[in-house]
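Read-outs throughout are calculated quantities, based only on the coordinates presented, and are distinct from any laboratory measurement. Treat the numbers as computed from the prediction; the structure is a model and nothing was measured. When we count neighbours, we look across all protein chains shown, and the Cβ atoms used for this are built from the backbone with ideal geometry, even at glycine.
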Amino acid sequence: MAVTTAPAGVDRTPGDALVTAPVLIGFADALAAPETAWSLLGSGRPVVAFARRGSRPALRRCKGVDLVEITPPEQDAAQAVSELRALLRSNDYVALMPLDDAAVWLCSAACEDQAIPLVGPSGETALLALDKRLQLAAAARAGFRVPPTQVVETVDELLALSDLPVQLKPAQPMMERDGRLTRGGNFVCGDRDELMAAARAWNGAHPLLAQPLLDGVGEGLFGLAGPDGVHAWSAHRRIRMMNPHGSGSSACASAPVEEELARAAEQMLLDVGWNGLFMVEILRSRDGVPWFMELNGRPWGSMALARRSGLEYPAWALSRRLDPEVELPPAPPAQTRTCRHLGRELVHLLMVLRGPKSDAVAHWPSRRRAARDVLTFRRDDDWYNWHPRNPGLFVEDTLRTVLDQLPRKLTPWRGSA
C-alpha cells in the first residue's frame, strides 16, 4: 500500500516538518471524514482511512488519502476487530482516530492489546461515549439539566408508558448483538397507536430511553479536554436539522460559548477523566431552558464550521495525544459564520415536504419557508466537505447523502429497530 507523504492540493503551514508516518482514521464514510482528513493533511500528516469492504466512500476522491478495506462490523464484529488489529500490526501508523460511533466501538476493541496511540475514547471513556445512560448520570452530577428519563427494556414496560408524547432513543447508539454491530432506532410516539407501532418495530431488541418530546433548537459545545481543563472552546446553534424530528444539522451557525454550560461541561469531562476532543449536544427548549442531550467523543458532523473558523480540532487532538505537553496554537477570535451541508439541506427540504411522522410534533417547518431557505445561496455561506482542489468529493458527497436517505427517511414510517 503506497502512502502519499506530500499530499497534493493541501496547503502547508510554512516551516512544518514532513512527517512520514500516517494517521489511520475511519470509517471513511463518516460525515466528519473529509474535514478531519484535510485538518490532518494540512498539519503535515499523511492519512490512511479504513472503509467497509465493498463501499465506495466519497473520501476516495480526497487527494492525499489512501483507503484500506476491512469487513463491515455490521456483518461480523469479531472479524472487523481482527482485521483492524492486523492492519495496525502490519503498518507503521503514528495514531488511530475513530470518526463515528461504530469506529469508536471498533477502535476501542482493537486497541486493547495494541501500543498505538488512540486519538479517541478507550476503556471507561469508550463505555461512556457509547452509553447515554452513563452520560445522563454524569451530566446530572456536573450540574446540567437532564430531561426526565425512563429506561425501557421490555415491551410491557414500553406499553406501560402513559405520559405522551414521548421520544424513544436507544440507550446505546452502537451495540454488539449476535456477533454483529447494530444501531438502534428512534421513535416519536404521540398516542397509543404510535406507541404500539413502536413496540412492534422494536420488540425489546435493546434498552430504550423514554424522554418527554422536547421542542427547541439544538446547540453544541466543542473543545479539547485534558487534566488541565478545556482548550479552544467553541459553540454553534442549529439553523436547520436534516430531519426536523431531530437529527444532526444541515445548516448551523457559530454562537457564543455560554459560561454556565461551559462550566458544567468542563466539570463533567474532568469527573470522567476525558482526554481529547468532544462535543456536548444541548437542546434549548422554546422556554429558553438548555437540556443536556448527549456527549460525542469523536469528530462531529459540523467540523467544517470549526475549521472555517480556524479551529483545527483533529490536528490539535492528534498533537496533544502524541505529546501531552505540546503547546497548541491559541484559539482564534470568535467569528460569526454559517456553514451548510448541501446534501443534508436537500434531504431536509424533502422531509419537510413529506410532513411529520407523528401528530405529536407541534412545530413543523413551513414548506414555503423551507424551500426558500434551502434554495437561497448567499456569498458568505460556507459548505461542509468543500475543498477547491477536491470538487469531485463535494459533488459525490452531496449526491450520496440524498440517495442514501431516500429509502430510509423519505418513505412512510414503519418504524425501525
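What number in nm² do you get for region 216-258 if you take the convex hull of its Cα atoms and divide its surface by four?
Its average projected convex-hull area is 3.5 nm².
Of the options Asn203, Leu164, Met174, report the single residue whose Cα projects farthest towards the positive end of the charge dipole of region 150-212 (beta-carbon charges: Lys, Arg +1; Asp, Glu -1).
Farthest towards the positive end: Met174.
Calculate the dipole size of the chain relative to its Cα centre from +1 charges on Lys and Arg beta carbons and -1 charges on Asp and Glu beta carbons; express the result in debye to the nearest 20.
Dipole about the Cα centre, nearest 20: 1560 debye.
What size of dipole, in debye to the nearest 20, comes out for region 170-263 about its Cα centre when the only charges are +1 on Lys and Arg C-beta atoms and -1 on Asp and Glu C-beta atoms?
Here the size comes out at about 340 debye.
Computed over the Cα atoms of region 249-358, what is the convex hull's projected area averaged over all directions, in nm²?
Its Cα hull, projected and averaged over all orientations, spans 9.1 nm².
Rounded to the nearest 500, what is the chain's calculated 222 nm mean residue ellipticity when only DSSP H runs of at least 4 contribute -39500 (n - 2.57) each, over all residues?
Mean residue ellipticity, 222 nm, calculated: -10000 deg cm²/dmol.
How many Lys pairs in the chain lie less than 30 angstrom apart by Cα atoms, where the lysines are 8 or more positions apart or on different chains?
6
How much of the pair distance distribution for the chain lies past 37 Å, counting alpha-carbon pairs only, in percent?
That fraction is 19 percent.
Can you tell me the 0 to 90 degree angle between the C-alpha axis of helix 33-42 and the longest principal axis of the chain, rounded to 10?
Compared with the principal axis, the helix lies near 30 degrees.
Taking region 23-120 as the region of interest, what is the percent of Cα-Cα pairs per 5 angstrom bin, listed from the shortest bin to the one with the maximum distance?
Percent of pairs per bin, in order: 3, 14, 29, 27, 19, 7, 1.
Among Thr401, Thr154, what is the fewest-to-most ranking by other Cβ atoms within 10 Å?
Placing the least packed residue first, the sequence is Thr154, Thr401.
With viscosity set to 0.692 mPa s at 37 °C, what whole-number translational diffusion coefficient in µm²/s follows for region 150-212 from Stokes-Einstein and a Kirkwood radius over Cα pairs?
The calculation lands on 281 µm²/s.
Antiparallel versus total DSSP beta bridges in the chain: what percent is that, nearest 5?
75 percent
Run the quick spin-label model on Ser90 and Ala78: label points 7 Å from Cα toward the beta carbon, then report their separation in nm to one decimal.
Placing both labels 7 Å along Cα→Cβ, they lie 2.1 nm apart.
Between the DSSP loop rule and a limit of at most 15 other Cβ atoms within 10 Å, which trypsin sites (Lys or Arg not before Pro) in region 319-401 are left?
Qualifying residues, ordered by number: Arg378, Arg379, Arg389.
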